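Below is one structure, written out as structure tokens; the observations come after it.
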Amino acid sequence: VRRFFRQSELNSIATLQVEQPVRKAGQSLMPAEGIAYHTIAGSLPGRDPAGDGVVPLDSAVLPGAESTLVLPLGHDLHTTPEVAAEVLRILRESP
């Protein structure tokens with residue numbers, strides 16, 4: 001990680017690479033067992049690999065989630081009514 005930091009290679013694009021140390025560290029911080037979580041992701045039609053145009057779908061969808069919603073949307077999916085509705089659904093159903 002220190003090498004990437006010194007070379008100014010730590011940015012949102014570089015850390016999406018599967019073998020990037022910051023991504024690996026982040027994956028080790030996934031929710032602890034017994035903590036419920038949900039994923040909402042975008043996957044633009046026709047993209048290869050699948051994803052929202054910035055984040056690959058395989059890194060946006062977390063295994064073990066209580067629910068997963070994949071919408072045919074881009075990286076700005078958080079601004080859409082569909083995502084707002086899903087967040088409200090999750091909050092309303094939470095104990």
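The values are calculated or read from the model by the stated rules, or taken from the named source; none is laboratory data. Computed from a prediction, not measured in an experiment: that's the story for all the values here. FYI the Cβ positions are ideal-geometry reconstructions off the backbone, even for glycines, and counts take in every protein chain you see. Side chains included, ligands, DNA and RNA excluded: accessible areas come from the protein's heavy atoms. Shrake-Rupley method; radii C 1.70, N 1.55, O 1.52, S 1.80 Å.
What is the extension gain from E82 to V18, computed as 0.36 nm multiplied by their sequence separation minus the C-alpha to C-alpha distance, in nm to one decimal?
Contour length minus the Cα-Cα distance gives 20.2 nm.
Among 71-79, 30-38, 83-91, what's the highest-first ranking by average C-beta atoms within 10 angstrom per residue?
Most protected by this proxy first, the peptides run 71-79, 83-91, 30-38.
Keeping the other protein chains in place, figure out the carbon and sulfur percent of the accessible area of segment 9-95, with a 1.4 Å probe.
60
Just to confirm, what accessible area per residue do you get for segment 12-95 at 1.4 Å probe, in whole Å²?
Accessible area per residue: 67 Å².
Sketch the reach of a paramagnetic label on M30 as a point 7 Å from Cα along Cα-to-Cβ, and name the residues of segment 46-68 whose backbone nitrogen lies under 16 Å away.
56-68
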